[in-house]
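Encoded as structure tokens, the structure appears first; notes follow it.
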Amino acid sequence: MDDFEDLFYPELESLEDEDDCENTCTCPGCLLLHEPSDNEATMSDEEPEPQAPIQLEQTRRKKVALEVQFLAPKVLKILDVISEQGMTLSLFLDALSWGDESCHSNDRIQFARTGLMLSKELPGILERWYRPLRNQHKGQRPVGARQNLQKFAVKCVADLLEYEIEHIAPLFTSPPDELSQAHLTSFNFEDFIKKESPPGRVTKLWAIYLKGCRLSARAFDALHRLGIVMSHKWAANVYGSLSSRAMEEVREDIQHLPWRLHNKSHFMSGCAATVWVLPADAMLPAAASDHLQSCHAENGQTRFALDEVLDGDLLAAAHIKKQYIYHVLLMVLNSPEFFDYAFRDDDLFKPRQPVHLLPSGPKNIVKQYILHTVDIEEASYEGNNKVMAEWFRQLGMDSEDAKKHIGTRKVIPWIGDQMMVERLHGLYKY
């Protein structure tokens, strides 16, 4: 009986529900199915409890008077009256329970109906309908309204679950800012160990990692059911969001930062490329394109010295040799046999001074963007020409004005294998 009391009988002042009630309504009728949370309806501890409706007191007094009487004769008289009115007990209860507009608005019917809805006898009535008593305490138990009440209970539970799911759904969704590179790479392991990391961050990291490892969708779903990772659909959406955002960023960065493009390290049937966006300090002078073209025109017919190519820069070679020696000694000192070497802190084993130290820090990070893979061959001149057009299209630089600006004002380092270099040289010359 306690289960029925908890589910169907909250202590409310009235169960009269207006036709225009919305999902956020807090009238007693709506509260029966949509019990507000602590945040939606909070009451002060000092606030007095509402007084019991007068119907409950009337029912209590009449019940005391009926305890010394037989109920069957009175029930029979009531059934006779119901029959005289051309109704059955089920039709009577249906009419009493908001049967039509007249029953809904009639004050006397409303008064009686509220007394029934709030009565302490209602849970007992539902309990006996669900599990009737045996006749004369013997024989089989009557079926009662078990099937109807079970269906009704399932519907109530389904409504409550749907209501709760709608209210907790925002806790399980990822806002757009959480699908950004900055948010997904802001995980702090120290905060995680201290249990200060937001909930769900680890499951997101595992989902992104396993998606990158090409875990199958079925395995993803199995781990998702165990609560280890996010769903496969979530991971796919994250990768799509990151890819779209990366393309937007690279199109913005190449407008005002130096960059280069290469596909030397890619080996596949299709064609792929990577854009490297360099720090602002690496920006070439505005006249770099004019200077490059003039150098081509001036030295295009001049032979270069073979000795300079074979011997290289002697000063640079001397610096490189010192670095080689240091790295060899460093490998020796880091071996187990030299852990207790007495002179390992000598100045001779300190790192060599850099010749041109590159700047570091957040402002000098080199960004990497991988472009979309395309099915274009690079063995022919025509294929390389199509590849260049495709990369400029993905970067949003395929308009006639953009092509003219690149050809006259830009110098883009384009790195690839030997065949690609030869094909691009051929396209440049002819």
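Quick check on GLU190: is it at pLDDT 85 or above and open to solvent by 70 Å² or more (accessible area, probe 1.4 Å)? So GLU190 fails the test. Scanning the range 213-230 for residues that are of a type in the set (Gly, Ala, Ser) and without any contact (Cβ under 8 Å) to a residue 12 or more places away in the chain yields SER216, ALA219, ALA222. Condition check for CYS156 on (1) modelled with pLDDT of 85 or more; (2) under 30 Å from GLY212 (Cβ atoms): one failure, at (2). Residue-level check: of (1) modelled with pLDDT under 85; (2) in contact with a Phe, Trp or Tyr (Cβ under 9 Å, 6 or more places away or on another chain), LEU126 misses just (1). The residues listed here are GLU390, GLU378; of these, the one that is at pLDDT below 85 and either on the phi < 0 side of the Ramachandran plot or surrounded by 10 or more Cβ atoms within 10 Å (Cβ to Cβ) (or both) is GLU378. Report yes if some residue within the range 193-210 is within 23 Å of GLU248 (Cβ to Cβ), open to solvent by 30 Å² or more (accessible area, probe 1.4 Å) and at pLDDT below 85; otherwise report no. Yes, the conditions are met somewhere in the range 193-210.
Just checking: which of the helices (runs of 4 or more DSSP H) contained wholly in the range 271-333 hold 2 or more residues that are of a type in the set (Phe, Trp, Tyr), open to solvent by less than 60 Å² (accessible area, probe 1.4 Å) and modelled with pLDDT of 85 or more? Outline the logic, then answer.
Numbers: elements: 288-299, 306-311, 314-333.
Counting at least 2 such residues, we get no helices (runs of 4 or more DSSP H) at all.
Being among the acidic types (Asp, Glu), open to solvent by 80 Å² or more (accessible area, probe 1.4 Å) and modelled with pLDDT under 90 is the requirement here; does ASP80 meet it?
So ASP80 does not fit the description; no.
The values are calculated or read from the model by the stated rules, or taken from the named source; none is laboratory data. Since this is a predicted model, take the numbers as computed values, not measurements. All Cβ positions, even for glycine, are placed from backbone atoms using ideal geometry, and neighbour counts span all protein chains on display. SASA here: full protein model, heavy atoms, side chains in, ligands and nucleic acids out. Shrake-Rupley method; radii C 1.70, N 1.55, O 1.52, S 1.80 Å.
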